[in-house]
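Engineer: I have a structure I would like to understand better, so I am pasting it below and will then ask my questions one at a time.
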Amino acid sequence: MDEYKYQGQINQNPLSKNVEHQFIFVKIGNKLKRIETNKIEFIEVEEKYCSIFTETSQIHVKIALKDFIKKLPESTFIRVHRNYVINTEYVNKIKLYDNIISVNDRNIPFSRTYKKNLIDTLNVI
């Protein structure tokens, strides 16, 4: 019977590995719409609703921002303000003294609380 034992290997489910999400599903009415995360430019929160901004659309969902962040890839999304999360792939420029980030020509404020993490993440020289 010993010949059939795994030799110190654990059978892992390939879906359980730490793979970053390439898309999310958002409930709109009674349908689920697939949104590729690399198309999301930024997310803005107003009260209990998050607005997802893409190049072509804006989608509103009822979810707390802290819960939404957990569903996004950590390597490209960063919180820059209590009301904003940006996709670093869309950052054009940063105005450090004005605390403004330009994301595809939209000005997003960033707060002092998140400034150091923002600069570290963007590899500022």
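Engineer: Using only the Cα atoms of the range 21-70, what do you get for the radius of gyration and for Dmax, in Å?
Structural biologist: Here Rg and the maximum Cα pair distance are 10.2, 27 Å.
Engineer: Below 15 angstrom from the Cβ of Asp120, what's the summed charge of the other residues (Lys, Arg +1; Asp, Glu -1)?
Structural biologist: +3
Engineer: Convert each backbone phi in the range 30-44 into a coupling constant with the Karplus relation 6.51 cos²θ - 1.76 cosθ + 1.60 (shift: θ = phi - 60°), then list the ³J(HN,Hα) values in order as whole Hz, x for Gly and Pro.
Structural biologist: 10, 10, 10, 9, 7, 10, 6, 5, 6, 8, 7, 7, 7, 10, 10
Engineer: Could you put Lys93, Lys115, Lys27 in order of accessible surface area, largest first, with the 1.4 Å probe and the full protein assembly present?
Structural biologist: Lys27, Lys93, Lys115
Engineer: For the range 61-71, what does the Karplus curve 6.51 cos²θ - 1.76 cosθ + 1.60, with θ = phi - 60°, yield as ³J(HN,Hα) per residue in whole Hz, taken in order and with x for Gly and Pro?
Structural biologist: 9, 9, 7, 6, 4, 5, 6, 5, 4, 5, 8
Engineer: Could I ask something else about it? Compute the signed sum of charges (Lys and Arg +1, Asp and Glu -1) over the other residues within less than 14 Å, Cβ to Cβ, of Lys33.
Structural biologist: Neighbour charge sum, excluding Lys33 itself: +3.
Engineer: Heavy-atom accessible area per residue, the range 46-125, 1.4 Å probe: how many Å²?
Structural biologist: 68
Engineer: Taking just the alpha-carbon atoms of the range 35-110, what radius of gyration and Dmax come out, in angstrom?
Structural biologist: Reported Rg and Dmax, both Å: 11.6, 34.
Engineer: Can you give me the % of accessible surface on the range 53-125 that is carbon or sulfur? Probe 1.4 Å, all protein chains present, nothing else counted.
Structural biologist: 46
Engineer: Also, quick follow-up: Would you check the accessible area of Ser75, probe 1.4 Å, heavy atoms only, in square angstrom rounded to 10?
Structural biologist: Answer for Ser75: close to 70 Å² accessible.
Engineer: Here's a follow-up. Be a star and scan the range 53-76 for residues whose amide nitrogen sits under 19 Å from the point 7 Å along the Cα-to-Cβ vector of Glu36.
Structural biologist: Output list for this probe position: 53-59, 72-76.
The values are calculated or read from the model by the stated rules, or taken from the named source; none is laboratory data. A quick note: this is a predicted structure, and the numbers were derived from the prediction, not measured. Note that we place each Cβ from the backbone using ideal geometry, even for glycine, and neighbour counts take in every protein chain shown. Ligands, DNA and RNA are excluded from the accessible area calculation, which covers all protein heavy atoms including side chains. Shrake-Rupley method; radii C 1.70, N 1.55, O 1.52, S 1.80 Å.
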